Structure formats: structure tokens, C-alpha cells
Amino acid sequence: MSTVRLTTAQALVRFLANQHTERDGERRRLIAGTFGIFGHGNVAGLGQALLQAARTGEADMPYLLARNEQAMVHAAAAYAKASDRLAAYACTASIGPGSTNMVTGAALATVNRLPVLLLPSDVFATRAPDPVLQQLEDPRGGDVSVNDAFRPVSKYFDRVWRPEQLIPAALAAMRVLTDPVETGAVTLCLPQDVQAEAHDWPVGFFRERVWTVRRPEPDAAELEAALAVLRGAERPLIVAGGGVVYSRATEALRAFAAARGVPVAETHAGRGSLQWDHPQAVGALGSTGSRAANRLAAEADAVLGIGTRYTDFTTASHTVFGDAAFVNLNVAALDAAKHSATSLVADARAGIGALDRGLGEWRADPAWTARARTLADEWQTVVDEAKHLGYAPLPAQTEILGALNDAVGEHDIVVNAAGSMPGDLQMMWRSRDPKQYHVEYGYSCMGYEIAAGLGCKLADPERDVFVLVGDGSYLMLASEIPTLVAEGLKVVIVVVQNHGFASIGALSESLGSQRFGTAYRYRDPATGLLDGDVLPVDLAANAASLGANVLTATTVAGFAEAIAAAKAAATTTVVHVETDPRSPGLPQSAWWDVPVSEVSALDSTRAARAAYTDSRRAQRHYL
Ligand SMILES: Cc1ncc(C[n+]2csc(CCOP(=O)(O)OP(=O)(O)O)c2C)c(N)n1
Ligand SMILES: [Mg+2]
């Protein structure tokens with residue numbers, strides 16, 4: 001057997017550079033590059049291997065220096081999302097805090113089912129110098145380290161105690177990353193001594209490998225059962241989730257819905273499955289859904305869920321659907337079985353094709369199709385009103401989002417994750433391209449936005465990327481602005497300043513908690529609460545200090561001008577705009593289950609509890 005002598009880290013880099021994915025005949029690199037932050041845990045191991053790759057060209061592995069480990073995992077997750085999960089980034093971090101900083105990013109990737117390869121550094125395998133700087137000492141076991149925190153948030157976890165263990169670990173990691181059912185965060189912990197240790201590797205380990213991203217066809221019996229349910233339906237509704245987008249089933253869905261007159265409602269991850277003005281598009285479903293979609297959900301006699309996890313925002317905490325029979329087309333059996341559905345385990349595109357072939361002349365009742373169109377048109381007039389409120393003195397958030405929607409190009413990307421904007425966006429955004437609406441709402445993680453802008457730009461340099469970020473999220477994690485600047489990558493970042501949590505403030509008020517602790521203000525000595533003046537925080541100056549080009553807008557018209565200037569700019573540009581945190585959102589037509597204290601000394605809480613008890617009556621199990 002012919003071998004090559006390399007360190008474990010050098011071997012890993014060489015291996016990763018030779019992995020590819022293939023789907024529909026399209027082949028691309030699986031691991032497009034590596035993000036990293038070096039410390040003593042990886043600087044001389046993986047750091048040396050990446051340097052050697054860059055200097056000698058023996059492995060092609062681009063390296064990007066991030067500023068925060070959580071942010072680099074967000075960037076990697078966004079890269080995978082924007083790449084329809086056909087490509088991913090690796091992330092190397094030093095031992096201890098560098099590694100545990102990645103745990104939140106790992107959870108985000110796993111919850112959203114996005115492939116990221118995490119390479120936390122770990123304690124000495126030899127244990128010779130124990131405890132190494134930053135080592136957790138556990139009196140119960142010598143093999144425990146802080147990296148065990150990755151286990152519940154990883155779809156594959158391994159610790160490479162000896163160099164040769166890398167071979168099965170690396171192959172298993174690739175299998176999981178490229179499996180549409182299993183994918184998520186994959187964690188290979190690399191003890192710092194093992195990274196630098198040499199081994200004689202079989203050359204076969206480094207051959208070019210192609211991982212097929214499969215498109216499973218439906219089972220014949222499941223398909224028959226699903227067809228029987230749909231053939232009996234007169235008022236069907238399709239719920240399109242992220243699986244439609246990742247599977248590139250949008251064209252198949254468009255044709256299926258049009259031919260059969262079936263209205264299509266969308267989840268966050270499925271937003272943009274249809275162009276917003278497609279005759280069967282009825283907008284978003286659920287807690288932050290359109291009135292059209294929510295009403296149709298209540299009246300539908302059959303629901304065809306495609307590639308959806310049915311999160312509580314989609315189901316309005318199990319209150320949005322009426323007496324429908326569910327057929328769930330999903331590549332994951334876990335999701336296909338939800339709501340006592342007739343399961344149809346298959347790739348979204350393959351499944352739509354099979355349903356289409358099996359349904360013959362079946363179509364929805366024409367009266368239902370027409371009603372869906374009327375409701376959807378009515379909803380669009382609501383959206384138009386929200387875009388043009390003439391709110392004063394500060395603009396309303398919906399006006400800013402509307403102006404941005406009008407300004408972005410057909411194939412541009414808009415990124416968001418947490419706060420009050422996802423709800424407004426879900427209700428009002430008009431997508432023309434399935435990759436436009438990049439809202440991370442599986443983990444809804446504050447701090448995702450700017451880092452994700454970096455990931456999107458790396459994935460799709462041809463598209464303009466617009467990041468929407470609240471002041472709360474910005475203060476948590478604006479760290480990757482200098483990374484964008486260093487790499488010469490241009491992203492437009494819209495900072496929506498409203499001095500605190502518009503989202504949780506409004507939620508708090510609606511639940512009787514009086515907006516307690518949700519505004520960024522001075523503590524008022526008279527009340528003892530944080531309800532004094534707003535703070536002298538200047539995020540525009542902050543962004544400028546990080547190297548961004550900065551524009552400030554105070555009106556909706558000024559914002560549109562700033563966006564036009566930002567589009568024309570050559571470098572990463574922040575557009576700072578202040579909005580009124582109490583400006584109205586779009587009318588809500590569905591509930592969200594957030595429990596209210598059952599006993600309370602406060603009138604506001606008691607009133608909210610009564611309303612809560614009432615709302616909960618609509619909640620059901622869909623048995
Ligand atoms: C990391 C993280 N911490 C806490 C939360 C809970 N949370 C959701 S929205 C929000 C406030 C967001 O504030 P900001 O970014 O200013 O957006 P706004 O609500 O003002 O639109 C908080 C604290 C979260 N989603 N993520
Ligand atoms: Mg805010």
C-alpha cells in the first residue's frame with residue numbers, strides 16, 4: 001500500500017480539498033473553504049496545514065480569518081443555505097472558548113438542517129501537560145472536555161484521539177454533511193497534539209470523492225395512499241417549506257399548482273417557492289402569515305405539506321388548520337409523519353413529479369381556486385397600505401421594508417433572522433426568486449445577520465446582498481464587518497435602530513408584561529427601571545469605525561436614496577435608519593403560544609392570562 005507521511009491536520013486539509021457533491025449532473029466542491037481563528041489549540045496544527053496548503057499548492061483550501069467563532073459558523077451556515085446545501089465551509093477554532101463559541105452556531109445549523117463542518121481543537125490526547133490552558137477538569141472522567149457540549153447540537157460528533165481515527169471520522173462526516181435527511185452541524189474534535197502528529201496515510205484516502213446528494217423516489221404504497229387522499233379533496237392547500245427550495249423543486253411546484261389550481265402558502269424557509277404574484281401564491285402561513293393563507297388553512301379539506309417541519313410559527317402553535325387530511329411529502333420520515341399525516345417520504349421534486357403523474361385530471365374545485373385568488377389579492381392591498389403609512393416623525397418599519405423591497409433587484413438576497421423584522425418580512429415581502437428571502441427562522445438567532453451576509457456573498461458573488469439587522473442584533477455580533485472589508489466583499493447592511501427590542505417589547509405588552517426590560521435606556525432613579533432617556537449609542541459611527549462606508553437616512557424617501565447610493569457603492573455599506581418601535585405591523589390573523597403566568601399580583605398579567613386561556617382552546621393535535 002502506498003502511503004504519504006503527513007500530520008493529521010495536513011491530511012485533513014488534503015482530504016477536504018478532494019471532496020465533491022453531485023446532484024442532477026452538477027458537480028461542485030463540498031468544502032469550499034475554511035473559516036478560522038487561531039489560538040494555541042490550532043495555530044501550529046491546522047494553522048500550519050492551511051499555511052502549507054497556501055504556500056505549496058499541495059491542497060487547494062481557501063482560508064478566511066473571522067473575528068468571532070460564533071459568527072464564522074453563522075457565515076458557514078448561510079453559505080450552505082444559499083448553496084442549497086450542496087456545498088459547505090469548515091470552521092477551525094482554538095481549544096476552550098474559541099471552540100465553545102461555536103456551539104450556538106452548531107445549534108443553528110442543526111436546527112435549520114444546514115451542513116457545516118466544525119473543527120474545535122481539544123485537550124492533549126497524551127494528557128502530558130494537563131491541564132492545558134483553558135482545559136476543563138472533570139473529576140468524574142479524564143476523557144471529558146468542553147467540546148462534549150457539541151454532542152446534542154451535532155448530527156455527527158467524533159474526537160480524533162489518534163491520527164488513524166481520522167479516516168473513518170472524516171468519511172462519516174462527509175456522509176452526514178451530504179445526506180439531505182441527516183445534514184446539520186458535523187463536529188470533529190481535534191486534540192492539539194494529534195493535529196501536529198505525523199502518520200503514514202494510505203494515498204487512497206486522498207483520492208477525489210464524489211458524494212451524490214440523493215433524490216429518493218416515493219414508495220409505491222405510500223404514493224397510492226397519498227394519491228387517494230388528494231383525489232378525494234376539493235379544497236386542497238399546499239404548504240411549501242425549505243425542502244422545496246433546497247431540492248430546487250420550485251419549477252415543478254409552480255407547474256403543479258397552476259395546472260391543478262391548488263393555492264400555495266409558504267413557511268419562512270419556503271418563502272419565494274413561488275413568485276409572489278403567481279396566480280396560486282397566497283403568501284405566508286401561520287403566526288406571521290397572510291390573512292389569505294390562514295383563512296384557507298382553516299377551510300382546507302386537505303393539506304399537502306412539502307418540505308416543511310411544521311414549526312409553531314407555521315401552524316400558529318397548532319391552531320391554524322381545520323379538519324384537513326394531511327399528506328406530507330418530505331425527505332425526512334420525521335417530518336413526513338407529523339400531524340398524523342399520510343407520509344410520502346421522498347425528495348420534494350421527485351415527489352411532486354410522482355403525484356403529478358398519478359393524479360390524472362384531478363384539480364381543486366374551481367370555486368376554491370378563485371376564492372384563494374380573491375383572498376390573496378385582498379391581502380396585497382393590505383401590504384400596499386403598510387408600505388405607505390406616512391408615519392411620523394420617525395418612519396414605520398413596514399415602510400422601510402417596503403422601500404427596500406421596491407429597491408432590490410430580482411435576484412438580490414435579503415438576509416434577516418431575529419427581532420420584529422422576520423414577522424413583517426414574512427407577511428409582506430414580495431419575492432421574485434427562490435433564493436431571495438434568506439431569513440433564518442429555525443433558530444432565529446440574534447447575531448446571524450451580518451455574518452450571514454458574508455456567507456451569502458461568498459456563495460453567490462453575482463447577487464447583491466442586503467442584510468437587515470436590528471440594533472439589538474447589531475450590538476451582539478457586528479464582528480464580521482471588518483472581515484467583509486478585508487476580503488473586499490460588498491454587502492449592504494441596513495441597521496434598523498429602535499433603541500431596544502421592538503419585537504419582544506410588543507410581545508411583552510401583549511402578554512401583560514408591560515414591555516419590562518426590553519428598551520435600551522438609562523436606568524431612571526425615580527422608578528428604578530430602565531425607562532429613562534435613550535442611550536447615546538451611535539451605531540452609524542460604530543460601523544464607520546469598523547471600516548464600513550456609512551449612510552444615514554431619517555425618512556422613507558431618504559432611505560430609498562441611501563439604498564440607491566449603497567447599491568452603487570463599491571465597498572460594504574451600512575445604511576443606518578431610525579424607526580418607531582411602536583409603529584404598527586401588519587394585521588395578525590393567527591396566534592402564537594407563549595404561556596402567561598397563571599397567578600399574578602398584576603392586573604395586566606391577569607387580563608393577559610384570561611386571553612391566553614381563551615386562545616389556547618383552539619389548539620389541537622391533528623389526530
Ligand atoms: C441570541 C438570541 N438571544 C435572544 C433572543 C430573543 N429575542 C428575540 S428578538 C429579540 C430582540 C431583538 O432586538 P433587535 O435586534 O433590536 O430587533 P427588534 O426587535 O427591535 O426589531 C430578542 C432578545 C434571540 N432570538 N436570539
Ligand atoms: Mg431593536
- Task: Would you check if residue 424 is surrounded by fewer than 23 Cβ atoms within 10 Å (Cβ to Cβ) and modelled with pLDDT of 95 or more?
- Result: no
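Let's see how each residue does on (1) under 20 Å from residue 17 (Cα atoms); (2) outside any loop (DSSP other than H, G, I, E, B):
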site: 39; (1), (2): no, no
site: 48; (1), (2): yes, yes
site: 54; (1), (2): yes, yes
site: 67; (1), (2): no, no
site: 72; (1), (2): yes, yes
site: 81; (1), (2): no, yes
site: 86; (1), (2): yes, no
site: 90; (1), (2): yes, yes
- Task: Specify which of the listed residues (571, 527) is out of contact with any His (no Cβ under 7 Å at 6 or more places or on another chain), of a type outside the set (Lys, Arg), assigned to a loop (DSSP other than H, G, I, E, B) and within 30 Å of residue 487 (Cα to Cα).
- Result: 571
- Can you spot a residue in region 467-478 that is away from ligand 2 (no atom under 16 Å from the Cβ) and either more than 29 Å from residue 385 (Cα to Cα) or touching a strand residue (DSSP E or B) at 6+ places or on another chain (Cβ under 9 Å) (or both)? no
- Within region 364-390, the count of residues that are in a loop (DSSP other than H, G, I, E, B), out of contact with any Pro (no Cβ under 6 Å at 6 or more places or on another chain) and more than 28 Å from residue 444 (Cα to Cα) comes to 2
- Item | Selected residue (criterion: farthest from ligand 2 (Cβ to nearest atom)) from residues of region 500-514 that are of a type outside the set (A, V, I, L, M) and crowded, with 18+ Cβ neighbours inside 10 Å | 512
- Note on the structure: Residues of region 256-298 being without any contact (Cβ under 8 Å) to a residue 40 or more places away in the chain, surrounded by 24 or more Cβ atoms within 10 Å (Cβ to Cβ) and part of a loop (DSSP other than H, G, I, E, B), in sequence order, are 270, 274
- Does region 56-65 hold any residues that are outside any loop (DSSP other than H, G, I, E, B) and crowded, with 17+ Cβ neighbours inside 10 Å, and which are they? 63, 64
- Among the residues listed as 517, 447, the single one being within 15 Å of ligand 2 (Cβ to nearest atom), modelled with pLDDT of 95 or more and surrounded by fewer than 19 Cβ atoms within 10 Å (Cβ to Cβ): 517
- Positions within region 472-491 being buried (at least 24 other Cβ atoms within 10 Å of the Cβ) and within 19 Å of residue 424 (Cβ to Cβ), in sequence order: 473, 474
- Hey, residue 505 hits all of (1) away from ligand 1 (no atom under 13 Å from the Cβ); (2) touching a Lys or Arg at 6+ places or on another chain (Cβ under 7 Å); (3) over 29 Å from residue 80 (Cα atoms) but one; which does it fall short on? (1)
- Message: Of everything in region 1-16, what is farther than 17 Å from residue 45 by Cβ, outside any strand (DSSP E or B) and at pLDDT 95 or above? Give them in sequence order.
- Response: 2
- Message: Pairs needed: first member in region 490-511, among the acidic types (Asp, Glu); second member anywhere, part of a helix (DSSP H, G or I) and surrounded by fewer than 21 Cβ atoms within 10 Å (Cβ to Cβ); C-beta distance under 9 Å; at least 6 residues apart or different chains.
- Response: 509/604
- Message: I'd like to verify a number: residues in region 92-108 that are in contact with a helix residue (DSSP H, G or I) (Cβ under 7 Å, 6 or more places away or on another chain), more than 19 Å from residue 467 (Cα to Cα) and either of a type in the set (A, V, I, L, M) or in a helix (DSSP H, G or I) (or both), how many?
- Response: 10
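The values are calculated or read from the model by the stated rules, or taken from the named source; none is laboratory data. Since the structure is predicted, the reported quantities are computational estimates derived from the model, not experimental observations. Note that we place each Cβ from the backbone using ideal geometry, even for glycine, and neighbour counts take in every protein chain shown.
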